[in-house]
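S.K.: Please read through the structure below; I'll follow up with questions.
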Amino acid sequence: MRILVATAVPVERDAVARAFDGAPVDVVAVGVGPALAAAATATALAGTPYGLVVSAGIAGGFQPEAPVGSLVVADEITAADLGAETAEGFVPVTELGFGTVTHRPPEALVRDAVAATGARRGAVLTVSTVTGTAARAAALRERHPTALAEAMEGFGVAEAAALHGVPVLEVRAVSNPVGPRDRAAWRIADALAALTDGFGKLAPVLESWNRHDR
């Protein structure tokens, strides 16, 4: 089974690629944001028969459940800001009567990935605008109480995978807290190290996984 791993930027791609040595895995940088990630992933899937797509990279973590340097495996990949603002608050696109906002990775794969890496398990939110205030962080957690992290590509990657009928997984290493924007609190090097270490443990799980496993 060939695996496609999609990261946002080359530095994430390189961190993940170190875990795979000669395995049937293609690690590509698909760009920042859900739209570009979806387009680039769909293009890659159109040319090669993959059995699994993984969205990987760094992310903001909701505190205290996902501290900086921790690894998160998504049991749901949710577009947190796809919908409409109303007088009563945010309404997801599904409640407007069309589209989807959530993709769920295979349960057996999530379970095995968590067991292999010691990662935290929960929802990973996809946003088009990175959270920069405590108020927005609180609002996201209120709407998505199981959320552990936010990033910008997972839902786009998952949409492309779904269109091609390929299962998807999302794995994130936490580089900063979700909340007030404070670049001094970011630990990108630590997150990349955690991503490299996590995929070193995850690689055998991905390579041996069968999409018919329960």
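S.K.: Considering only 89, 72, 117, whose Cα is most displaced toward the positive end of the charge dipole of the chain, charges sitting on Cβ of Lys, Arg (+1) and Asp, Glu (-1)?
M.R.: Result: 117, furthest along the dipole toward the positive end.
S.K.: What is the magnitude of the charge dipole of the chain about its Cα centre, with +1 placed on the Cβ of each Lys and Arg, -1 on the Cβ of each Asp and Glu, and no other charges, expressed in debye to the nearest 20?
M.R.: 260 debye
S.K.: Using a 7 Å offset from Cα along Cα-Cβ at residue 18, what residues in the stretch 30-70 end up with backbone N under 18 Å from the label point?
M.R.: Taking a point 7 Å out along Cα→Cβ of residue 18, the residues of the stretch 30-70 whose backbone N falls under 18 Å are 56-59, 69-70.
S.K.: So, one more: Roughly to the nearest percent, how much of the accessible area of the stretch 141-214 is carbon and sulfur, given a 1.4 Å probe?
M.R.: 52 percent
S.K.: How large is the accessible surface per residue of the stretch 1-145, computed with a 1.4 Å probe and reported in Å² as a whole number?
M.R.: 44 Å²
S.K.: Show me the GluC sites (Glu not before Pro) within the stretch 47-98 that DSSP assigns to loop and that have at most 11 other Cβ atoms within 10 Å of their Cβ.
M.R.: Sites meeting the loop and neighbour criteria: 88.
S.K.: Just to check I understand the Karplus step: with θ = phi - 60° and J = 6.51 cos²θ - 1.76 cosθ + 1.60, what whole-Hz values come out for the stretch 162-173, glycine and proline as x?
M.R.: Ordered by residue, 3J(HN,Hα) equals 4, 4, 9, x, 10, x, 9, 9, 10, 10, 10, 9 Hz.
S.K.: If I model the stretch 1-158 as equal point scatterers sitting on the Cα atoms and use the Debye formula, what is log10 I(q)/I(0) at q = 0.10, 0.13, 0.15 Å⁻¹?
M.R.: Relative scattering, expressed as log10 I(q)/I(0), comes to -0.36, -0.62, -0.82.
S.K.: Please say if the stretch 114-204 is rounded, prolate or oblate, where rounded means a/c under 1.5 for a ≥ b ≥ c the square roots of the C-alpha gyration tensor eigenvalues, and otherwise the choice is prolate for a/b larger than b/c and oblate otherwise?
M.R.: oblate
The values are calculated or read from the model by the stated rules, or taken from the named source; none is laboratory data. Since the model is a prediction, treat every value here as computed from it, not as a measurement. For neighbour counting, all protein chains shown are included, and Cβ atoms are generated from backbone atoms with ideal geometry for every residue, glycine included. For the accessible areas, the whole protein counts, side chains as well, though only heavy atoms, and no ligand, DNA or RNA atoms are used. Shrake-Rupley method; radii C 1.70, N 1.55, O 1.52, S 1.80 Å.
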